Every structure is written in structure tokens, then in C-alpha cells.
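The values are calculated or read from the model by the stated rules, or taken from the named source; none is laboratory data. Note that the structure is a prediction, hence the values are computed from the model and not measured. Glycine also receives a Cβ, built like all others from the backbone with ideal geometry; neighbour counts cover every protein chain displayed. Ligands, DNA and RNA are excluded from the accessible area calculation, which covers all protein heavy atoms including side chains. Shrake-Rupley method; radii C 1.70, N 1.55, O 1.52, S 1.80 Å.
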Amino acid sequence: MEIRPDSLFARHAQRLSDGVGVRNQSDATSSPASDFIGLLSSGVGHVNDIQNSANLEVEKMLAGEDVQSAEVLTGLQKADMAFRLLVQVRNKLMQAFEEINNIRI
Amino acid sequence: MISALDVSTSALVAQRVRLNTISGNIANMSTMVDENGENKPYQPRFVVFQTDEHKAGGGMAAVKVASIETDEGEPLHRYQPDHPLAAKDGKWKGYVAYPKINMNEQFVDALEASRAYEANIGVMEVTKSIVRQNLSILA
């Protein structure tokens with residue numbers, strides 16, 4: 001199974017901006033690092049990079065190339081840890097969104 | 001936190017190389033002729049480790065194999081004048097040169113390398129469990 005954090009995050013960001021509807025687009029594009037969404041999406045990109053490199057290593061190992069198995073397995077473990085952290089951050093964010101969504105005006 | 005894993009991995013790779021050289025030493029325990037067919041008994045090899053400051057950063061030192069050295073000591077001589085590889089003249093006339101490999105030393109080395117391997121895997125286990133516990137702060 002292949003997990004694509006990019007699409008997961010894109011869906012999530014869509015829901016966020018749909019729900020809140022006050023996001024300033026020019027703000028997000030001008031300062032991606034200081035913007036929270038920008039920070040998160042760079043995090044997602046980083047996790048994706050780690051997963052891609054782990055995938056590459058595994059493919060090399062399965063193809064019988066001369067790679068150190070310890071390095072391959074460490075790469076996998078790092079990808080797993082990074083992804084778990086990402087999912088937790090996403091869960092926390094969703095929780096905050098749900099809470100704001102349930103406020104009665 | 002993740003670079004701690006890199007440090008442990010570098011140690012795993014280094015100890016693996018050490019185990020490989022020990023395997024070579026034991027495999028060539030009675031090798032009398034070298035790669036080119038010359039009458040030269042196998043000389044045991046050993047690894048030299050070196051700190052690697054660039055792998056992890058942040059003051060942490062990983063480890064890498066600096067070089068694989070050869071033990072240039074005198075081989076073992078046995079008097080076998082009828083052996084085709086026996087020395088024809090000189091000080092060791094009639095003697096055959098055998099590799100000087102002490103199996104006890106090699107096995108103790110192998111044991112140490114495999115225990116070091118285990119220890120590093122133990123450290124990785126601790127790192128992983130800390131990361132997992134950290135996640136529960138957020139959840």
C-alpha cells in the first residue's frame with residue numbers, strides 16, 4: 001500500500017479553507033515559511049522525501065544491489081516515525097477544526 | 001532525535017565490516033597462495049575505526065571504517081621438505097609458510113563485534129521508544 005501524504009494534506013487543507021473561509025491567499029504565497037499552512041506543507045514535503053528515499057533503498061535491496069541492510073531498515077524506520085508524527089499533527093489540527101466548527105453563534 | 005538513529009546505523013555498518021574481515025581471516029586460515037598464484041601465505045586483516053563528525057552533526061560523532069590493515073607479522077613455519085611449496089634455500093630451507101591466524105583471537109573479536117552490533121540495536125530500540133512516547137504528548 002502506498003500512502004501519499006501530499007494528497008492527504010491537500011484534502012485536509014481544502015476542508016480547512018472551505019470551513020473557515022477567511023484565509024488570505026496572498027499572505028500564504030508571500031511568506032510560506034511563517035505561515036502555518038506553509039510550515040505544515042513543507043513538513044509534508046519533507047516526510048514525502050524521506051519516504052521516497054526509503055522506497056528507493058528498498059527497491060535497490062530487492063533488486064539485489066549491494067546496499068547495507070541496516071541502512072535500508074533505518075531509512076524505513078525514519079520514514080515510519082516521520083509519518084506517524086505527521087498523522088498526529090494532522091489529527092490535532094482536525095480536532096481543533098472540529099471544535100471551532102461546533103461553536104454556535 | 002532522528003540523527004541518533006544515523007549514529008547507531010553507522011556503528012552497525014562498521015561492525016558489519018569488522019565481522020566481514022574476521023570471516024575472511026577464518027576462511028583463509030590455510031590459504032598458502034595469494035591472488036596472483038605466488039607462494040605467499042594469507043596475512044590476517046583487521047579494521048581501524050574512525051570518528052565521523054559529518055554524518056550526524058550537533059556534536060554527535062558517528063563511526064566509519066578508516067582502513068583495513070594487514071598484519072605483516074612473520075608467518076608460521078612448519079618443516080615439510082617434501083611439500084611442493086617448501087622453501088628451496090635460505091634461512092627457512094625445507095619449511096612451508098602457513099598463515100599465522102590465531103583462531104581464539106578471531107573468535108573473541110567476532111564475539112565482540114556481534115555484541116557491539118546487539119548493543120547498537122538496543123540503543124536504536126531506546127531511541128524508537130522515546131520517539132513513540134513523545135508522540136503521546138500530542139495525541
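Listed values, structure above:
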read-out	value
Residue match in region B:20-38 (condition: within 14 Å of chain A (Cβ to nearest Cβ), of a type outside the set (D, E) and either closer than 18 Å to B:F107 by Cα or buried (at least 17 other Cβ atoms within 10 Å of the Cβ) (or both))	yes
Matching option when the condition is over 25 Å from B:S129 (Cβ atoms) and at pLDDT 90 or above, among B:V7, B:V63, B:V13, B:V96	B:V96
Neighbours by Cβ (under 8 Å, 6+ apart or cross-chain): first from region A:80-105, touching a residue at least 40 places away in the same chain (Cβ under 8 Å); second among the basic types (K, R) and surrounded by 12 or more Cβ atoms within 10 Å (Cβ to Cβ)	A:F97/A:R15
Top-ranked residue in region A:49-69 [being charged (D, E, K, R) and assigned to a helix (DSSP H, G or I); ranked as farthest from A:F83 (Cα to Cα)]	A:K60
Number of positions in region B:39-49 that are within 25 Å of B:L12 (Cα to Cα) and open to solvent by less than 80 Å² (accessible area, probe 1.4 Å)	4
Yes/no for B:S3 being surrounded by fewer than 18 Cβ atoms within 10 Å (Cβ to Cβ) and more than 14 Å from chain A (Cβ to nearest Cβ)	no
Members of region B:93-131 that are touching a helix residue (DSSP H, G or I) at 6+ places or on another chain (Cβ under 8 Å) and either more than 25 Å from B:F46 (Cβ to Cβ) or within 14 Å of chain A (Cβ to nearest Cβ) (or both)	B:A113, B:S114, B:A116, B:Y117, B:N120, B:I121, B:V123, B:M124, B:T127, B:K128, B:V131
Residue in region A:11-27 that is open to solvent by 40 Å² or more (accessible area, probe 1.4 Å) and either at pLDDT 85 or above or within 14 Å of another protein chain (Cβ to nearest Cβ) (or both) present	no
Exclusive hit being touching a Leu at 6+ places or on another chain (Cβ under 8 Å) and aliphatic (A, V, I, L, M), set B:A86, B:A139, B:A119, B:A97	B:A97
Flag for B:I137 being within 11 Å of chain A (Cβ to nearest Cβ), modelled with pLDDT of 95 or more, farther than 17 Å from B:Y42 by Cβ and part of a helix (DSSP H, G or I)	no
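Rundown of residues vs (1) over 30 Å from A:L85 (Cβ atoms); (2) touching a residue at least 12 places away in the same chain (Cβ under 8 Å), yes/no style:
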| site | (1), (2) |
| --- | --- |
| B:N36 | yes, no |
| B:Y79 | yes, yes |
| B:D82 | yes, no |
| B:N104 | yes, no |
| B:E118 | no, no |
| B:I130 | no, yes |
| B:Q133 | no, no |
| B:S136 | no, no |
